[in-house]
Ligand code: PMP
């Protein structure tokens, strides 16, 4: 820590993402990327953009892409905000809706970026403990001082909160913004985007990094009533008047339009997940019910850290967290069926 740093730099503890190893032989199951490439239409759209338009600035407010996303949710573009990955959209949301004098709430086990942003922007927060079975204690979120943020499905548990519960939380906090981070929602029963017309305080944040196979392009978006979207634009325009670069805009628009590829790949990941869970249970794991593209699991005898290390030695990378509340659990991304067979073979060798 240097004496020349601002207070914000001093109090910030940066987020540490999952390891990105360069070894091409690694089976990477640690950061919930898609095992499938993006739609071929995405590649074509980006190539076209590279050939013709890179000398031009992108559309500042990304109208065309916001139209495409809005169409998917039967909303107009005034209800949509886009940014460089949902991490950026979340950071803007913290600045647009939370204050330094009112405590926000989020679950104690959730996406570890939330405390990072809260510290960076000097927003006080309460980490609400989960129930014993890792579900969200809904009633504890009925009267927040400063607003609420949670991931649905939650990460790293994968547990889905029903739309009925999302609605109750929004209804009980009508003077604060309730942010639902739906990074994994396309692997779950239904998005709360359908509720935004009824709840002026509800903001949905989603990403194209998971179900649309575009983690490398960095595209996230928010869905909410126009007064919330306007606040996000005020913050964004204070940093950079261009929302996203031309390649990301072109790729994202093509991904949004290829519904067939999107349905096919998400259904395949869900099918693989549902096949994997009983296979893990047969081998002595307990696995939380997952509505995401990952599972959260613990073994009856093998320690999580040992499992992580032994799999890494066999070139399979999974996620092990330092948070003491979940220290004996690991999170494993759903890959292709072939990758999951390799995972099970490695597990068989480790637990033998
Ligand atoms: N929210 C949650 C819950 C996540 O797990 C992630 C991925 N690490 C993100 C948001 C951010 O995703 P991205 O910035 O790639 O859109």
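In terms of its C-alpha gyration tensor, region 1-105 comes out oblate, because a/c is 1.5 or above while a/b does not outweigh b/c. Between residue 175 and residue 76, the FRET efficiency estimated from the beta carbon spacing at R0 = 35 angstrom works out to 0.85.
Mind running the shape call on region 108-183? Use the C-alpha gyration tensor, a ≥ b ≥ c as the square roots of the eigenvalues: rounded below 1.5 for a/c, prolate if a/b tops b/c, oblate otherwise. Show your work: numbers first, answer last.
Details: a/c = 1.59, a/b = 1.10, b/c = 1.44.
Here region 108-183 falls in the oblate category.
Residue separation times 0.36 nm, minus the C-alpha to C-alpha distance between residue 126 and residue 101: what's the value? Each step should come with its number before you reach the end.
Working: separation 25, 0.36 × 25 = 9.00 nm, distance 1.29 nm.
Net length gain for the segment: 7.7 nm.
Once the Cα-Cα distance is subtracted from the 0.36 nm per residue extended length, the residue 133 to residue 190 segment shows a gain of 18.3 nm. Only helical runs count toward this figure. For the chain, summing -39,500 (n - 2.57) over DSSP H runs of n ≥ 4 and dividing by all residues gives -12000 deg cm²/dmol at 222 nm. Distance from the alpha carbon centroid of region 217-263 to that of region 276-292 works out to 35 angstrom.
Assuming a ≥ b ≥ c are the square roots of the Cα gyration tensor eigenvalues, decide whether region 137-233 counts as rounded (a/c under 1.5), prolate (otherwise, with a/b larger than b/c) or oblate. Note, shape of region 137-233 comes out oblate.
A simple packing score, the average count of other Cβ atoms within 10 Å per residue, orders the peptides 114-124, 87-97 as 87-97, 114-124, with the highest score first. Determine which residues of region 1-25 fall in the zone a paramagnetic label at residue 119 would reach in this model, i.e. backbone nitrogen under 12 Å from the point 7 Å along Cα→Cβ. In region 1-25, the label zone of residue 119 (backbone N under 12 Å from the point 7 Å along Cα→Cβ) covers 8-16. Scaled against the 2.2 N^0.38 Å expected of a compact globular protein of N residues, the Cα radius of gyration of the chain reads 1.00. Taking 7 Å steps out from each Cα toward its Cβ at residue 310 and residue 234 produces label points 5.5 nm apart.
Packing-wise, with mean Cβ within 10 Å as the measure, how do 201-211, 36-46, 286-296 rank, highest first? Each step should come with its number before you reach the end.
Values: 201-211: 25.0, 36-46: 17.9, 286-296: 22.5.
In decreasing order of mean packing, 201-211, 36-46, 286-296 become 201-211, 286-296, 36-46.
Annotation for region 71-134 versus region 33-65: alpha-carbon center distance of 27 Å.
Computed from the coordinates by the stated procedures, all read-outs in this text should not be read as laboratory data. On a predicted model such as this, the values are computed, not experimentally measured, just so you know. Neighbour counts are summed over all protein chains in view; Cβ atoms, including those assigned to glycine, are modelled from backbone coordinates with ideal geometry.
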